[in-house]
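The values are calculated or read from the model by the stated rules, or taken from the named source; none is laboratory data. Since the structure is predicted, the reported quantities are computational estimates derived from the model, not experimental observations. Cβ atoms come from the backbone with ideal geometry, glycine included; neighbour counts cover every protein chain shown.
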Amino acid sequence: MKKAQNVVEKILSAHLVEGDPATDPELGIRIDQTLTQDATGTMAYLQFESMDVPRVKTDVSVSYVDHNTVQIGFENADDHDFLQSIAKKYGIVYSKCGNGICHQLHLERFGKPGTTLLGSDSHTPTGGGIGQMAIGAGGIDIAVAMAGGAFHIPTPKVRAIVLKGRLRKGVSAKDVILKVLEKFGTKGNVGWIFEYTGPGVATLDVPSRATITNMGAELGVTTSVFPSDAVTKQFLAAQGRAKDFVKIVADKGAKYDDTFVVDLSKVEPMMAAPHSPGNVVTVKSRKGLKVNQIMIGSCTNSSYRDIRTVALYLKGRHVADDVEVGIACGSRQVINMLAKDGSLAILHAAGCRMLENACGFCIGAHMSPRTGAVSLRTNNRNFEGRSGTKSAQVYLVSPETAAASALTGRVELPTKNPVAAVPSPKKFPVDDSMFLYRKTAGKGVKGAEIVRGPNIAPVPKGAPLGADLTAVAAIKVGDKITTDHIMPAGARLKFRSNIPEYAKFVFEPCDPGFHDKCLANAERGFANVIVAGESYGQGSSREHAALCPMYLGVKAVIAKSIERIHRANLVNFGIVPFIFENPKDYDKAEAGDRLELKGVRAAVEGDGVLDVKGPKGTFRVKAALSDRERHILLCGGLLASL
Ligand code: MIC
Ligand code: SF4
C-alpha cells in the first residue's frame, strides 16, 4: 500500500531530483516557477547573464518591480530599464512598476497549487496560501533555477499546525500567525516546514492563508503551506484560472514530525512589540497606548479583503487628528475593486494617505515616522530602524487593529465594534496589461538589446579558498542580527545594482566604520571574519548581505547559529559559515582580534572542523557542509564554481 503523505511530502516527492529524504540531509528539487523583485533581481539577472543560457527554462519566470519605486535620482529607473530589457531577451514576464507587490500579484495571477516557486525574496512563501511549495532564496539561486538547475533545501521536518474552530469577529489571519510566532519565535526553526491542516483551514479564505504563510518567513522556516482545497478552487476560478486548480490535501493517516494545535475561536488580537516579529503580546496588554502613525499594506496584508475591511471600520468616520495613516494596496486589481465598491472614497474621506501599490513604507522607503513615534503597521517586520527612523517603536498588527486604532489615535481592540466579514469575491476584475512579454515567455526575443545605465555594475567573483587564513575579526555582533543590520535598505536601497557603492554601508547600523576597516585589513594582507551570536542573518533574503562582505574580503562567519537563507547566501559567495562548537567560546573572540584559521581549506575539504587560534586561546568551530557546498566554497563561490 502507498504510504500516506502529507502535503509537503506530496509536492516534494513530485519534484525531487537529488537526495533521499529518508537518509540525506539535503535535497535537490526541480523548480517550476521563479519570481524576482527589482531590489534583488538586478543581481540575479546579472548572474543569470553570466551563465550564458539563451532563455529561461522554467514553466514561468516573472520579474516584478515593487521595491525601488521612489525614483529620486536616476538609479531606480536605470534598474527598471535593465530588468525590462533582460525580461524581453530571456523570456521572462515583466511586471511593470505600478502593477503591485510581487507576492500579492504572483498569488493572483501565476501561482499554482502543487508546483514549486523559488523567489529572490524571503516572503515568497506567500504562495503557500494556495498550496504551492514557495521558497525564498538568494538571487543567484534563482538564476540557477532559471537556467534549469535544482534548488537545495535541508531535508525538512514537517510540523502540522492544526487549526480548529473559527475566528471571532475582529480577529484575523495576522493574529493567527502572531500566535504561531509567539509559540515558536524567530529562531531555532531552520529546516522546518509548517503545514496548516485541520478543520479550521476551511474557514480561512486564500488572502488569510497567504498572510499566514507570508509571515511564516519570520519564523525562519523553509516555507509554510496550506492544502489546496475547495476554497483554493473558488479563488482560482474567481481569478479566471480554474484550469490551474489541482486538489492537494494530506492523506488520511499522514505523519508529521510535530503537531501544534491552534483553536481559532480562542485567538485574541495580537501584536508584535518592538523590535522583533517574535516579540508577541496581546493587543489588550497595550490598549490605550498613544499612536502617532498607522501604516496599512505590504505583502502581508494588502489584499482586497484586508483593505476593504479597513474601509468598513472607517466608513463615515475620520482618523484621529494626531495620527497619520498611510495605505498601500497590493495590486492594481485590489485598487480597481476598492474604486468600484466605494472603499477608496471612504478611505480618502477618512483622511488616509493613499500610497503607491508597492513595498514603500515596509522597507523604509516612504513615510518614515517622526522621532520616537509609535507606529502600528500591518507588515511583517519591525526590526529596529527598518522604518527609516531608528528611534521609532513599531508594532505589527492586523488590519482590523490598525483601523480601530486609527479612529482614536490609541491602541484599540478591534473586537469591540467589529465589522462584517468581507465575502470572497465571485469574480476578480482581471487586467494583465502591465505584465509585459507574456507572449514571448519562455522563448525570449532574439536580438533584444540589454539596457545598462551607469548604476548597473558587474558582479564581483570570489577567489578560491586559500590553505590557511590569517584574519582579523572585523566586527563582533550579538544575537538575532538581521540582514537589515548587515546590509541596510531604505535610503541605501538604490545601490543594490552597484556592489562597490553598496558595500560602503555594510553593517552601517552597527559599525559605520566596518567598510574602511575591512579594506584596511585586506590591504595589510589579512582576511576579514565576522563573529556573531545566535540566529545570525535573520529576515530578508538579500544576498547582498553576503556578496558585499565578500567584496570587502570577508572569508568566514563564526556564529552560534545561522539562519537558512543567509547561510546559503554565504556559501554562494565563498564565505565559510562556521558555528562555534561550544557556544561559550563566543567570549574568546573580540572585535579586532587576530585569528589564525590554519588549515581552513583542508577543513572545508574534510569534516568542516577547525581549531581557530586567537589572543584568548584556541577554540573549535565547525561547518556542516554537503559535498555541493564544499565544492562551491573551495572555488570561492557559486559563480566561480560553474
Ligand atoms: C524585505 O522584506 O526585507 C525585502 C526587502 O523584501 C527582502 C528582499 C530585499 O532585501 O530586497 C526580503 O524579504 O527578502
Ligand atoms: Fe516588500 Fe515589505 Fe513584502 Fe519585503 S516584506 S516584499 S519590502 S512589502
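Scanning segment 315-342 for residues that are buried (at least 24 other Cβ atoms within 10 Å of the Cβ) and not in a strand (DSSP E or B) yields Cys329, Gly330, Gln333, Val334. Of the residues contained in segment 16-25, none is found to be more than 16 Å from ligand 2 (Cβ to nearest atom), more than 23 Å from the chain's Cα centre (by Cα), within 30 Å of Ala491 (Cα to Cα) and part of a loop (DSSP other than H, G, I, E, B). Looking across Phe151, Phe194, one residue alone is without any contact (Cβ under 8 Å) to a residue 40 or more places away in the chain, away from ligand 2 (no atom under 16 Å from the Cβ) and of a type in the set (Phe, Trp, Tyr). It is Phe194. Of the strands (runs of 3 or more DSSP E) entirely within segment 115-188, those holding at least 1 residues that are within 16 Å of ligand 1 (Cβ to nearest atom) and within 24 Å of Thr483 (Cβ to Cβ) occupy 116-119, 133-136, 151-154. The set of residues from segment 338-376 being away from ligand 1 (no atom under 12 Å from the Cβ) and under 25 Å from the mean Cα position of the chain (by Cα) comprises Met354, Leu355, Glu356, Asn357, His366, Met367, Ser368, Pro369, Val374, Ser375, Leu376.
Just one of the numbered conditions (1) more than 23 Å from Gly73 (Cα to Cα); (2) of a type outside the set (Lys, Arg); (3) assigned to a loop (DSSP other than H, G, I, E, B) is not true of Ala473: (3). Apart from one condition, Leu355 fits all of (1) more than 12 Å from ligand 2 (Cβ to nearest atom); (2) without any contact (Cβ under 8 Å) to a residue 60 or more places away in the chain; (3) not charged (D, E, K, R); the exception is (1).
The sole residue among Lys426, Lys439 that is more than 16 Å from ligand 1 (Cβ to nearest atom), charged (D, E, K, R) and touching a residue at least 40 places away in the same chain (Cβ under 8 Å) is Lys426.
Ala556 meets all of the listed conditions (1) among the aliphatic types (A, V, I, L, M); (2) surrounded by fewer than 24 Cβ atoms within 10 Å (Cβ to Cβ); (3) closer than 23 Å to Leu638 by Cβ; (4) within 25 Å of the chain's Cα centre (by Cα) but one, namely (2). Residues that are away from ligand 1 (no atom under 16 Å from the Cβ) number at least 2 in the following helices (runs of 4 or more DSSP H) confined to segment 541-619: 544-551, 600-605. The set of residues in segment 99-114 that are at positive phi and away from ligand 1 (no atom under 16 Å from the Cβ) contains only Gly114.
I'd like the residue in segment 285-312 that is assigned to a loop (DSSP other than H, G, I, E, B) and within 13 Å of ligand 2 (Cβ to nearest atom) and, out of all such residues, is surrounded by the fewest Cβ atoms within 10 Å (Cβ to Cβ). In this case the residue turns out to be Ser298.
Close contacts from segment 551-565, counting a first residue that is on the phi > 0 side of the Ramachandran plot and a second that is at pLDDT below 95 and not aromatic (Phe, Trp, Tyr), with Cβ to Cβ under 7 Å and a gap of 6+ residues or different chains, come to none at all.
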